[in-house]
């Protein structure tokens, strides 16, 4: 073997060893991607999209803490957030600025014709309860079975979910967390009019959601993206989106 060949070989081996060492060290010190959601849902949703879009966050609660949309916001997304507590809406508008419009509404699937409806609010954490609900049955279960204390009753203006979607730009990601009535909103969704790319909602009664809802999503070309705890996420296949 010539001297030149030996030097090339040593250089090649040295570069491979250096690359291995860098990768080995980087694996220990690389900064992990942070999740702001309860069970990492935001990482999976964000990883699905290759560019910023528009989200609708129903039952938004807080602009950062246990939020399924804050990571999207950090990555340049715009959106609309909805809650039944005015102080949560105000904080959302302040924290997310001009790229998010937060509104005070009770979003419903059916029963349009009323101007407002009762909402049931728990006073824990100085008014920052994450279990406020539109559903009296759920509120009673939280009070009696889970021991979350007493709730107060207020009235909030209502808006149908399809009516809200009709007022917004094209929604790429829909997040629903309304404590007990998520399924009602999903059932009412008009997926022919609004073929949203990714839909995430809570279903704590049936792991992976009911067969009826899975059939509805399958009929409209959706597949299960993930199930994480009580969160269920359906998405359009990416190849279908590309076409």
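The values are calculated or read from the model by the stated rules, or taken from the named source; none is laboratory data. Everything numeric here is computed off the predicted structure, so don't read it as measured data. Every residue, glycine among them, receives a Cβ derived from its backbone with ideal geometry; neighbour counts consider all protein chains shown.
The criterion of being out of contact with any helix residue (DSSP H, G or I) (no Cβ under 9 Å at 6 or more places or on another chain) and either crowded, with 19+ Cβ neighbours inside 10 Å or in a loop (DSSP other than H, G, I, E, B) (or both) does not hold for residue 33. The residues of region 131-150 that are assigned to a loop (DSSP other than H, G, I, E, B) and touching a residue at least 24 places away in the same chain (Cβ under 8 Å), listed by number, are 131, 132, 134, 135, 148, 149, 150. For region 212-221, the criterion of being touching a helix residue (DSSP H, G or I) at 6+ places or on another chain (Cβ under 8 Å), surrounded by fewer than 16 Cβ atoms within 10 Å (Cβ to Cβ) and at pLDDT 95 or above is met by at least one residue. The residue that is farthest from residue 100 (Cα to Cα), among those in region 151-196 that are assigned to a strand (DSSP E or B) and modelled with pLDDT of 95 or more, is 176.
Residue-by-condition table, conditions (1) modelled with pLDDT under 95; (2) outside any loop (DSSP other than H, G, I, E, B); (3) surrounded by fewer than 18 Cβ atoms within 10 Å (Cβ to Cβ); (4) touching a helix residue (DSSP H, G or I) at 6+ places or on another chain (Cβ under 6 Å):
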| site | (1), (2), (3), (4) |
| --- | --- |
| 39 | yes, no, yes, no |
| 44 | no, yes, no, no |
| 57 | no, yes, no, no |
| 63 | no, no, no, yes |
| 68 | no, no, no, yes |
| 79 | no, yes, no, no |
| 90 | no, yes, yes, no |
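Here residue 97 fulfils each of the conditions (1) over 22 Å from residue 179 (Cβ atoms); (2) in contact with a helix residue (DSSP H, G or I) (Cβ under 8 Å, 6 or more places away or on another chain); (3) surrounded by fewer than 17 Cβ atoms within 10 Å (Cβ to Cβ) apart from (2).
Go through the residues of region 231-241 one by one and say whether even a single one is out of contact with any helix residue (DSSP H, G or I) (no Cβ under 8 Å at 6 or more places or on another chain), without any contact (Cβ under 8 Å) to a residue 12 or more places away in the chain and part of a loop (DSSP other than H, G, I, E, B). The answer is no, given that none of the residues of region 231-241 is out of contact with any helix residue (DSSP H, G or I) (no Cβ under 8 Å at 6 or more places or on another chain), without any contact (Cβ under 8 Å) to a residue 12 or more places away in the chain and part of a loop (DSSP other than H, G, I, E, B).
Does residue 201 satisfy the condition of being under 23 Å from residue 77 (Cα atoms), touching a residue at least 60 places away in the same chain (Cβ under 8 Å) and in contact with a helix residue (DSSP H, G or I) (Cβ under 9 Å, 6 or more places away or on another chain)?
When the stated conditions are applied, residue 201 does not pass them.
I need the full set of residues from region 187-211 which are surrounded by fewer than 16 Cβ atoms within 10 Å (Cβ to Cβ) and at positive phi, in order please. Passing the criteria: only 208. Inclusion of residue 185 among residues that are in contact with a strand residue (DSSP E or B) (Cβ under 9 Å, 6 or more places away or on another chain), in contact (Cβ under 8 Å) with a residue 40 or more places away in the chain and closer than 22 Å to residue 46 by Cβ is not warranted.
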